[in-house]
Amino acid sequence: MQKTIKELIDGQSLSKLQYVTFFVCFIMNILDGMDVMVISYSASTIAKSWEVSPEALGIVFSSGLFGMMIGAMFLAPFADQIGRKKMILISALLMGVSMLLTAWTQTVPQLICLRFVSGIGIGSMLASTAALTAEYAPDRKRDFWVSFVLSGYPVGAVLSGMVSASIMPANGWPILFKLAGLASFITLPLIYFSLSESIYYYLKKQPKDAFHRVNAILGKMGHGVLERLPKREVKSSGIPVNKLLKKEYRIPTFQLWTALFMAFGCLYFLISWIPKLAEATGLSISLAIYAGTVFNVGAFFGIITQGYFSSQLGLRRTVAFFLVATAILMAIFKLFIGSGALLFVIGLLGFTLQGGFVGLYAVAARIYPTEFRTTGLGWAIGIGRLGGVIGPAVGGVLIGMGLSMAANFMIFAIPAFLAGVATLYLSSKKIS
């Protein structure tokens with residue numbers, strides 16, 4: 001029966017319900033991008049007003065990323081039990097509360113704690129929206145739609161950068177967190193009334209009223225209804241993470257984790273420190289903020305481009321190409337410091353790195369089946385976040401030691417290259 005549903009989704013044009021699902025998930029990833037980047041854009045102002053060292057700021061950045069790791073690994077997997085929609089609601093609520101409270105923090109420990117809580121919601125949101133999108137997208141376009149939905153992340157980063165540059169100098173940094181928190185609360189009714197639960201979740205878990213809910217979704221998609229639900233499969237006794245390490249999935253899982261660990265480390269070094277590093281080259285605070293914005297504008301177009309070419313040329317080779325190109329750009333970055341091309345190269349880095357990075361999410365969505373797709377995505381993101389936690393912290397230490405911008409980029413070119421190699425040799429028949 002699930003195969004029949006799959007054939008319906010794969011064989012017919014997208015319905016209004018599917019477009020709405022993709023749109024809502026896209027909006028939620030915009031919020032993710034806003035909530036991650038707002039601390040980066042406000043970091044210089046907070047550091048000056050609180051007299052915070054680069055090392056302390058590195059801990060603040062890493063606390064949020066550590067929260068994302070916990071959210072992706074230990075909260076997101078519950079979406080396989082309670083449903084993707086409920087988990088998206090829970091994640092949005094966590095993000096909204098923690099962001100609002102951050103506006104009234106007065107100490108670094110308070111800031112670290114609330115960034116951790118916000119990170120839990122962000123990490124869970126990423127995995128849940130990616131899984132839900134993969135389950136409503138037809139197979140031939142799945143890589144594109146997963147990438148499109150996750151491209152909301154840099155859009156949110158761009159929007160928060162524009163708002164930061166325009167209102168923070170006159171109103172102070174707390175206003176950014178108030179606006180981000182309110183935005184999260186506004187999306188709660190949008191999620192509740194507009195987002196549809198995964199039809200595959202209903203078929204696999206068969207919660208109360210699953211039969212009527214499945215037929216309601218099929219009706220909205222323009223398909224015929226079911227006469228009965230398929231027989232429910234016997235529940236596995238193994239814990240979800242053990243399923244990721246079964247013989248079929250073990251090697252590709254470790255390869256995916258390696259690629260994401262390296263890519264996360266490189267990415268979050270850049271998005272956390274680009275404004276401050278750009279400022280160190282002599283740019284004003286406003287232009288330094290726009291450097292982060294340019295990076296994320298490039299990211300949006302890179303993600304969309306990667307999604308298109310992955311559908312046409314194959315996911316594995318496309319993602320590997322984007323990541324290796326990132327390593328090359330970072331290795332030669334010193335050639336552009338002080339030139340008029342600096343902001344263009346920063347945008348190009350966003351194009352290649354985030355295009356390849358988001359492609360790894362599409363890889364995870366293809367490797368794992370519905371039964372533990374969110375668990376697989378969550379653990380891939382979570383393991384990768386270890387690199388994200390380490391990247392900004394190491395960056396803080398290197399900057400505190402006085403290393404130049406060029407030296408930092410040379411160092412972080414290495415993990416980008418290794419991520420590309422790990423992706424190119426990923427041993428899963430489910431990846432083109």
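Under a 5 Å amide H cut-off, with hydrogens placed 1.01 Å from N, residue 221 pairs with nothing among residues at least 5 apart or on other chains. With a ≥ b ≥ c the root eigenvalues of the C-alpha gyration tensor of the range 141-213, is it rounded (a/c under 1.5), prolate (a/b larger than b/c) or oblate? Taking the square roots of the gyration eigenvalues as a ≥ b ≥ c, the range 141-213 is oblate. For the range 289-341, the equivalent ellipsoid derived from the alpha-carbon gyration tensor has semi-axes of 25, 15, 7 Å in decreasing order.
Calculation over all alpha carbon pairs of the range 165-274 in 10 angstrom steps from 0 returns a P(r) of 10, 19, 21, 29, 16, 5, 0 percent. Helices in the chain, meaning DSSP H runs of at least 4 residues, each add -39500 (n - 2.57). Divided by all residues, the mean residue ellipticity at 222 nm is -27000 deg cm²/dmol. Taking Cα centroids, how far is the range 145-213 from the range 3-50 in Å? First find each Cα centre; the distance between them is then 6 Å. Residue by residue, what Karplus-based ³J(HN,Hα) values in Hz, rounded to whole numbers, does the range 117-132 have, using 6.51, -1.76 and 1.60 with θ = phi - 60° and x for Gly and Pro? Ordered by residue, 3J(HN,Hα) equals 5, 4, x, 4, x, 5, x, 5, 4, 4, 5, 5, 5, 5, 5, 5 Hz. With 27 Å as the limit on Cα-Cα distance, the pairs of 243/430; 141/231; 220/429; 16/247 that go past it are 141/231; 220/429; 16/247. Using the Cβ-Cβ distance between residue 414 and residue 140 with R0 set to 30 Å, the FRET efficiency from 1/(1 + (r/R0)^6) comes to roughly 0.25. Axis of helix 405-424 versus longest Cα principal axis of the chain: the two differ by about 20°, to the nearest ten degrees. When the Gaussian network model of the chain links Cα atoms closer than 10 Å, the mean-square fluctuations of 25, 113, 266 top out at 113.
Cα-Cα pairs above 18 Å in the range 52-100: how many percent? Above the 18 Å cut-off, the range 52-100 has 42 percent of its Cα pairs. Here, the range 90-223 is characterised by an Rg to Rh ratio of 1.07, where Rg is the alpha-carbon radius of gyration and Rh the Kirkwood radius.
Note on residue 45/residue 182: beta-carbon distance plugged into 1/(1 + (r/R0)^6) with R0 of 25 Å gives a FRET efficiency of 0.80.
What are the semi-axes of the equivalent ellipsoid for the range 53-136, taken as the square roots of 5 times the Cα gyration tensor eigenvalues, largest first, in whole Å? Mind dumping the intermediate values first?
Numbers: eigenvalues 141, 32, 14 Å².
Equivalent ellipsoid of the range 53-136: 27, 13, 8 Å, largest first.
For Cα extents along the principal axes in Å, the value computed from the atomic coordinates appears in the list [x] 68, 44, 38; [y] 62, 55, 44; [z] 67, 47, 41 under label [x].
Taking the alpha carbon gyration tensor of the range 1-120, multiplying each eigenvalue by 5 and rooting it gives semi-axes of 37, 15, 11 Å, largest first. Computed from point charges on the beta carbon alone (+1 for Lys and Arg, -1 for Asp and Glu), the dipole magnitude for the range 2-424 about its Cα centre is near 1180 Debye.
Laboratory data are not the source of any read-out in this text; all were calculated from the coordinates shown. Computed from a predicted model, the values in this text were never measured in an experiment. We place every Cβ from the backbone using ideal geometry, glycine too, and count neighbours over all the protein chains shown.
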